[in-house]
Amino acid sequence: MVWYAIKRVLLAAVTVFLVAAITFFAMHFIPGGPFDTEKAIDPAAKAALITRFHLDRSVPEQFLLYLGNALRGDFGISLKTGRDVSEMVFGAFGVSARLGGLSLLVSLPLGAALGCLAAARRGRAADRAVLLFATLLAATPGFVVATLLLLVFCLKLGWFGVWSAQGGGMFLPVVSLALYPAAYVARLTRASMLQALSAPPVRALRARGVREGAVLFRHALKNAAPPVVACVGPMAAYALTGSMVVETVFTIGGLGSRFVESIGNRDYPVIMAATIVMAALIALFSLLSDLLCRALDPRVEFS
């Protein structure tokens, strides 16, 4: 497993490099630039800004210069605000990490509990209700869910202020971000539990008269856990990247909304730093979920 972890770390590094390279070159080949605004800029001032930020050099030269600085932990300064990009991105990441972490704390236990309930009541009303819940949420875009929650709980019921910072705190954003992962985990847990319950050892336990609770939670759930754990990495990645929509709807100053704002401003250093951070975290979450699966089930083989 040590060699597998080393290979995965190297693969993750290559993946992050490729993502950074593709993003960098794509940004510079799209028409327009960070200093192209509706309000005319003095040509001399614009030329000075272009020289200061090395935008007068070729794109490959700019990428190599940026890569060298990034490897030293220097992500540059914002082309729009002049602030240090590292402070902007990592400060915003703290907000997104809190939002994503809380959503996972809600979605994973909720989805697992609903999946176990559906498997234990297969074919009954509870099973059909869970499947309906999961299907509807899986088919509903995140911005629709966030907007509906905002309309119902803020505008109609008046339980919270219109924006999350006004009385609602993180409650509505967390619920909005947690619903899709909860639905996904519920469906996955149900399928995995049904497979575990149909295994010969579990059927033998039931034939011996072992209590249903013990069969479900001591035996079936243990065998059904690895596939569910394997989705923790992708779900963590979703909680990070999916927060872009939620942060925009609820006007939360996290990494997602900062990334969207930087795209509109063509703020290259902020776009690059946010992209690299998100790509690195997604690769890390994927690796950790794989290693956790191996710890839960030693029979899992890595290539």
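Computed quantities for the displayed model
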{"item": "Selection from the range 249-277 of residues that are without any contact (Cβ under 8 Å) to a residue 60 or more places away in the chain and either out of contact with any helix residue (DSSP H, G or I) (no Cβ under 6 Å at 6 or more places or on another chain) or open to solvent by 40 Å² or more (accessible area, probe 1.4 Å) (or both)", "result": "V260, E261, I263, G264"}
{"item": "Condition broken by L105, with the remaining ones in (1) farther than 22 Å from T275 by Cβ; (2) of a type outside the set (F, W, Y); (3) in contact (Cβ under 8 Å) with a residue 40 or more places away in the chain satisfied", "result": "(3)"}
{"item": "Subset of the range 41-66 [modelled with pLDDT of 80 or more, aliphatic (A, V, I, L, M) and open to solvent by less than 60 Å² (accessible area, probe 1.4 Å)]", "result": "V59, L65"}
{"item": "Contacts under 7 angstrom Cβ, first residue in the range 185-207 being hydrophobic (A, V, I, L, M, F, W, C) and outside any helix (DSSP H, G or I), partner surrounded by 12 or more Cβ atoms within 10 Å (Cβ to Cβ) and at pLDDT below 80, 6 or more apart", "result": "A199/N223"}
{"item": "Check on A134, within 30 Å of L216 (Cα to Cα), modelled with pLDDT of 85 or more and open to solvent by less than 30 Å² (accessible area, probe 1.4 Å)", "result": "yes"}
{"item": "Residues of the range 280-303 satisfying the condition of being modelled with pLDDT of 85 or more and crowded, with 19+ Cβ neighbours inside 10 Å", "result": "none"}
{"item": "Which numbered condition D74 misses (of (1) part of a helix (DSSP H, G or I); (2) farther than 18 Å from I263 by Cβ; (3) over 22 Å from the mean Cα position of the chain (by Cα); (4) modelled with pLDDT of 75 or more)", "result": "(1)"}
{"item": "Some residue of the range 108-118 being surrounded by fewer than 21 Cβ atoms within 10 Å (Cβ to Cβ) and of a type in the set (G, A, S)", "result": "yes"}
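The values are calculated or read from the model by the stated rules, or taken from the named source; none is laboratory data. Small disclaimer: the values here were computed from a predicted structure and weren't measured. All Cβ positions, glycine included, derive from the backbone under ideal geometry; neighbour counts span all protein chains shown. Side chains are part of the model used for accessible areas, which takes the heavy atoms of the whole protein and leaves out ligands, DNA and RNA. Shrake-Rupley method; radii C 1.70, N 1.55, O 1.52, S 1.80 Å.
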